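Report on the structure given below.
Here, each number is a calculation from the coordinates, and none is a lab measurement. Predicted model only: the values in this text are computed from it and were never measured. Ideal geometry is used to build each Cβ from the backbone, glycine not excepted, and the neighbour counts take in all protein chains shown.
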Amino acid sequence: MISFLKVLFSLVFVWVCYVVISTSLEHNLFKEWNSLGTAWMHVTLWDFYANILIIYLWICYNEKSWVLKILWLVLVFCLGSIATCGYVLIQLFKLKPNQGIKELLLRND
C-alpha cells in the first residue's frame, strides 16, 4: 500500500506542478485577478483554504519543530497541493519498510 501511495502522490505532485506552471506561463494571475470575481470562484477559494487548514493542522500535529511548522504554514498556504503532496511524499519516504498507514498518519514520539 505504501508503494502505491508513493506512486500516486508522485503522479499528483508532477501533474499539479505541470498544471500550475503551464497555466502561469499562459495567464498572469495578478493581471486576471479581477476577472475571477464569480461567486463560485470565491466559494472554491474558501473551500480550498478550509482543506489546507485541516491538512496544516495534521502537519502541526506531526511536526515537533516550530521552525518546520512555520515553514510548512507558508508552503501549504502559498503552494497548496504542491506543498501538500511534497509533505506527504517526504513522510512516505521516511517510513521504514515494516511501517504502514498507521505510522504515516500518527506522530512518532
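Sorting TYR49, TYR18, TYR87 on the 10 Å Cβ count, fewest up front, what's the list?
TYR18, TYR49, TYR87
Contact order normalised by length for the stretch 2-105, with contacts defined as Cα pairs under 8 Å and 6 or more residues apart; what percent is it?
44 percent
Please give the charge dipole size of the chain, origin at the Cα centre, charges +1 on K and R Cβ atoms and -1 on D and E Cβ atoms. Round to the nearest 20 debye.
400 debye
Using θ = phi - 60° and the Karplus form 6.51 cos²θ - 1.76 cosθ + 1.60, what ³J(HN,Hα) does each residue of the stretch 20-27 get, whole Hz, x for Gly and Pro?
After applying 6.51 cos²θ - 1.76 cosθ + 1.60, I find 5, 5, 5, 5, 5, 6, 8, 9 Hz.
On a 0 to 90° scale, report how tilted helix 66-79 is relative to the longest principal axis of the chain, with both axes built from alpha carbons and the result rounded to the nearest 10.
So the inclination is approximately 40 degrees.
So how tilted is helix 39-62 from the main axis of the chain? Cα-based, degrees 0 to 90, rounded to 10.
Between helix and principal axis, roughly 20 degrees.
Mind telling me which of ALA83, ALA50, ALA39 comes out most flexible in a GNM of the chain, alpha-carbon contacts under 10 Å?
Result for the chain, Cα springs under 10 Å: ALA39 fluctuates most.
If you stretched the chain out fully between VAL7 and LEU57, how much longer would it get, using 0.36 nm times the residue separation minus the C-alpha to C-alpha distance?
Using 0.36 nm per residue and subtracting the Cα-Cα distance, I get 15.6 nm.
Sorting LEU5, LEU29 on the 10 Å Cβ count, fewest up front, what's the list?
Result, fewest neighbours first: LEU29, LEU5.
Using a 10 angstrom cutoff on alpha carbons, build the Gaussian network for the chain and name the most mobile of ILE82, ILE90, ILE59.
With Cα springs under 10 Å in the chain, the top fluctuation among ILE82, ILE90, ILE59 is at ILE90.
How large is the convex hull of the C-alpha atoms of the chain per residue, in Å³?
116 Å³
Taking other Cβ within 10 Å of each residue's Cβ, how do LEU53, LEU104 sort, fewest first?
If I rank by nearby Cβ atoms, fewest first, I get LEU53, LEU104.
Taking the Cα centre of the chain as the origin and placing charges on Cβ (Lys, Arg +1; Asp, Glu -1), which of THR38, LEU89, CYS17 is farthest toward the positive end of the dipole?
Ranked along the dipole, the leading option is LEU89.
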